[in-house]
Amino acid sequence: MNKRKHKGHRKSEKKPNRLKKQNIKPNSSRNQADGKPKGKQKTVTAEVTCSGLTNEGKGIVEWEGKRLEVAHLMPGEKAEVIVSKRGRYVNAELKRVIKPSKDRITPPCEYYYACGGCQLQHMNEQAQTRFKQETVDALMEPFIKPEAILTMDDSYDYRNKSHTTFGLNKERQVIGGLYAQNTHQIIPMERCLIHDPKADEIVQTIKGMLKSSKMQPYNEDTGQGFLRHVLVKVGKGSGEIMVVLVVASPVFKGKNNFVKALRKAHPEITTLLMNINNRDTSMILGDQEKVLFGKGTITDTLCGLKFEISAKSFYQINPVQTEKLYGKAIEMAELTGKETVVDAYCGIGTISLIASRKAGKVIGVELNKDAVRDAIRNSKRNGVKNARFYQGDAGEFMVQMAARGEKADVVIMDPPRSGSDEAFLSSVVKLQPKRVVYVSCNPETQARDMKYLVKNGYKVEGVQPVDMFPQTHHVEAVAKLVLKEAGNR
Ligand SMILES: C[S@@+](CC[C@H](N)C(=O)[O-])C[C@H]1O[C@@H](n2cnc3c(N)ncnc32)[C@H](O)[C@@H]1O
């Protein structure tokens, strides 16, 4: 996915929406012209005690009868917070922790409090694990008690994909970094501790080259400038590296010299692309792409298979944990070699091809054209003969399968953060697969969709949380649902 927030991830896909975050009714006290809350802002310092955490890892406190959310505050902690009130809009920020939790640590990242990418670095590993376990436990409480979360030994440097945004600071110097949470303000940074270190090194080289190559960073407000973002994908298993320069115009002055210099500085880059994004959008990647050198894709190894990955295709960002996640999903599918498996929202065919080794046949469906092309190539590359891939909306595809009276023994589904839809879920109910394995990076929408399936004849037999995104509030979960006996539906 080319969006800033996903599986992962890190930035909101939409423009900031602080009202929504604070659970206050939209536009209740806002000036319609500039979007800012109406009225004079009052600021007070208040002493509060944190009673728990939101699903985004923020501390919950009570102030003047209102429930407020305070980033970086932990349960049981007493703290001073700055409360800003304008009309009915109330915001609280941590000023000082008076009584710290025994689980509080000093965040190792120097940008942590300014950047929005990580939300849990102030918690030790046990507290992070407990938070994620409790989040999934609470969401799955109507169905089953989840298994203990699968954690990761080395919880930094794990991301195989990074994107850095470029701009100019007030002194008109080039800066590159991540956006501050809920804003489009770039926090200049040289190293993000959850990125692959090599990716950050390459980005720093590119930043240093901008001046000599007379390349201007893009300015979102004026629409002037050239370089918007740099996307780096690292094949952790293969060592292959893809760099994508996301630019605002197809005219790349000094391209040959730039490419030559970058290759000289980083011979480990295996392919370089230019992606043209000239729209006023929060999406990182545009539609047009040009390969500047190499094959335009990287290949990585996962679960013993080789996968080719395009710039715009989704690929799980933490391969160590992905192997655990996929292993669990395949175990839950209980394949014997005979089954027809539908792998919905299949991306580049990772789960499909791993499942194909134990299934009769696999049908993969995916919306992104590039990902489907990758999946077909991956199937050939791995000598898989019993998998077919289709491009389209998974819901529509399932509706058609149900209308044609086709059969599926197992449905594996791994939708984006927003979850699945009624067209898809109602068709699953019509197709009546014996098992549904639901993989999700958002257990909130997963629980919502599971409720539909449970109402319509399925029973939850297991839920396995996996920590795919250490240091952030995100958590992955895989659930096994089985069709109840006809008499028990
Ligand atoms: C979370 S990813 C999972 C991909 C794959 N299962 C994996 O593990 O790599 C979700 C995928 O769903 C795709 N997608 C999003 N909306 C879709 C839709 N309506 N129908 C089919 N695929 C969709 C995205 O392009 C993305 O590849």
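Points worth noting:
- Residue 419 meets the conditions (1) over 17 Å from residue 352 (Cβ atoms); (2) within 8 Å of the ligand (Cβ to nearest atom); (3) part of a loop (DSSP other than H, G, I, E, B) in every case but one. The failed one is (2).
- If you filter the stretch 276-293 down to residues that are in contact with a Lys or Arg (Cβ under 8 Å, 6 or more places away or on another chain) and either assigned to a strand (DSSP E or B) or among the aliphatic types (A, V, I, L, M) (or both), you find that the one that is modelled with the lowest pLDDT is 283.
- Of all residues in the stretch 43-79, those that are out of contact with any helix residue (DSSP H, G or I) (no Cβ under 8 Å at 6 or more places or on another chain), of a type in the set (A, V, I, L, M) and either assigned to a loop (DSSP other than H, G, I, E, B) or in the same structural domain as residue 134 (by TED's automatic domain parsing) (or both) total 2.
- Filter result (in a helix (DSSP H, G or I) and away from the ligand (no atom under 11 Å from the Cβ)) within the stretch 422-445: 422, 425, 426, 427, 428, 429, 430, 431, 443, 444, 445
- Residues (near the ligand (Cβ under 9 Å from one of its atoms) and in a loop (DSSP other than H, G, I, E, B)) located in the stretch 313-326: 313, 314, 315, 316
Rundown of residues vs (1) in contact (Cβ under 8 Å) with a residue 24 or more places away in the chain; (2) more than 12 Å from the ligand (Cβ to nearest atom); (3) β-branched (Val, Ile, Thr); (4) within 23 Å of residue 270 (Cβ to Cβ), yes/no style:
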| site | (1), (2), (3), (4) |
| --- | --- |
| 309 | yes, no, yes, yes |
| 328 | yes, yes, no, no |
| 345 | yes, no, no, no |
| 349 | yes, no, no, yes |
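- Scanning the stretch 371-397 for residues that are under 16 Å from residue 341 (Cα atoms), outside any loop (DSSP other than H, G, I, E, B) and away from the ligand (no atom under 11 Å from the Cβ) returns 379, 387, 388, 389.
- Of residues in the stretch 405-416 being near the ligand (Cβ under 10 Å from one of its atoms) and part of a loop (DSSP other than H, G, I, E, B), the one nearest to residue 343 (Cα to Cα): 414
- Scanning the stretch 351-370 for residues that are near the ligand (Cβ under 9 Å from one of its atoms), among the aliphatic types (A, V, I, L, M) and free of Cβ contacts under 8 Å to residues at least 60 places away in the same chain gives 365, 367.
- Verdict on residue 454 being outside any loop (DSSP other than H, G, I, E, B), more than 16 Å from the ligand (Cβ to nearest atom), at pLDDT 95 or above and not aromatic (Phe, Trp, Tyr): yes
The values are calculated or read from the model by the stated rules, or taken from the named source; none is laboratory data. Computed from a predicted model, the values in this text were never measured in an experiment. We place every Cβ from the backbone using ideal geometry, glycine too, and count neighbours over all the protein chains shown.
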